[in-house]
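These notes are about the structure you will find just below.
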Amino acid sequence: MKERPVVLALGSNLGDRLANLQRAVNLLCGDGLRCTAVSGVYETAPVGGPPQDDYLNAVLLGRSGLPAGEILQLAQAAEAELHRVRAERWGPRTLDVDVIAYGDEISPDARLTLPHPRAHERAFVLVPWLEADPEAVLPGHGNVAGLVAATGTADVRRLDDVVLTLPPARPREAVT
């Protein structure tokens, strides 16, 4: 299958939030997902759910030839590795990985709606995505720069002294 762009939003507000995000990057990049960029780290207030601590957020960009459902499986495996507990909707979590977009795919599937149904209104997704890809377009909603202008950036604070790094590219297996 032809490789397509993948946009993943990462968030953490439990435990060592920064270490959780870096571990997620390390887990996600590799077999099946060739990571190409990661945004800076942003601190944001929680949206919805019970009272809880602020989040650290970032966006990870990559390319993959896997079906979208397998990208979701990678995301959920990373969450499980960091012991994410789904006790209540929009509750605190060690790691949240959302598949925001997969190429220009649009799908209403309840298991994986593409693009993410609320991405266009979430500054904590849009601002880091725009940093990582200034030409980004959210399928069905338009360019991310315009969406950032519409949502604003007041509740999104970049942590300038914090950096996530992509792991070294793994050599591809030789086909024999």
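Its residues counted as N, the chain yields a C-alpha radius of gyration over 2.2 N^0.38 Å of 0.98.
Once the convex hull of the alpha carbons of the stretch 1-46 is built, what does its volume come to per residue, in cubic angstrom?
89
What you get for the stretch 33-99, charging only the Cβ of Lys and Arg (+1) and of Asp and Glu (-1), is a dipole of about 220 debye around the Cα centre. A cut-off of 5 Å between modelled amide H atoms, ignoring neighbours fewer than 5 places along the same chain, links VAL137 with VAL144.
Sequence-distant contacts, meaning Cα pairs under 8 Å at least 6 residues apart, place the relative contact order of the stretch 1-62 at 48 percent. Each of GLY142, LEU130, SER107 was placed along the dipole of the chain (beta-carbon charges, centred on the mean Cα), and the one lying farthest toward the positive end is SER107. For the chain, modelled as a GNM with alpha-carbon contacts under 10 angstrom, which of VAL162, VAL25, VAL125 fluctuates the most? The residue that fluctuates most here is VAL162. Diffusion coefficient of the stretch 92-135 by Stokes-Einstein, Kirkwood radius over Cα pairs, 20 °C, 1.002 mPa s: 184 µm²/s. Apolar share of the accessible surface for the chain: 53 percent from carbon plus sulfur atoms, 1.4 Å probe. Considering only GLY48, GLY32, GLY69, the Gaussian network model of the chain with Cα springs below 10 Å gives its largest mean-square fluctuation to GLY48.
About the centre of its Cα atoms, the chain shows a dipole size close to 280 debye [charges on the beta carbon of Lys, Arg (+1) and Asp, Glu (-1) only; nearest 20 debye]. Charge dipole of the stretch 10-70 (Cα centre as origin; +1 on each Lys and Arg Cβ, -1 on each Asp and Glu Cβ, all else neutral): 220 debye, rounded to the nearest 20. With viscosity set to 1.306 mPa s at 10 °C, what whole-number translational diffusion coefficient in µm²/s follows for the stretch 1-92 from Stokes-Einstein and a Kirkwood radius over Cα pairs? It diffuses with D of about 114 µm²/s by this estimate.
Per-residue ellipticity at 222 nm from helix content only, as computed over the chain with -39500 (n - 2.57) for each DSSP H run of at least four residues, stands at -7500 deg cm²/dmol. Plainly put, the stretch 70-163 has a radius of gyration that is 0.97 times its Kirkwood radius, both from alpha-carbon atoms, as the Rg/Rh ratio.
Which whole-number value in Å² is the accessible area per residue of the chain, probe 1.4 Å?
Numbers: 9190 Å² over 176 residues.
The answer is 52 Å² per residue.
All C-alpha pair distances within the stretch 38-101, sorted into 5 Å bins from zero, spread as 3, 15, 21, 25, 20, 10, 3, 0 percent across the bins.
Of ASN57, ASN13, ASN143, the residue with the greatest mean-square motion in the GNM of the chain, using alpha carbon springs below 10 Å, is ASN143.
The values are calculated or read from the model by the stated rules, or taken from the named source; none is laboratory data. None of these values were measured; they are calculated from a predicted model. Note that we place each Cβ from the backbone using ideal geometry, even for glycine, and neighbour counts take in every protein chain shown. With ligands, DNA and RNA removed, areas are computed over all heavy atoms of the protein, side chains included. Shrake-Rupley method; radii C 1.70, N 1.55, O 1.52, S 1.80 Å.
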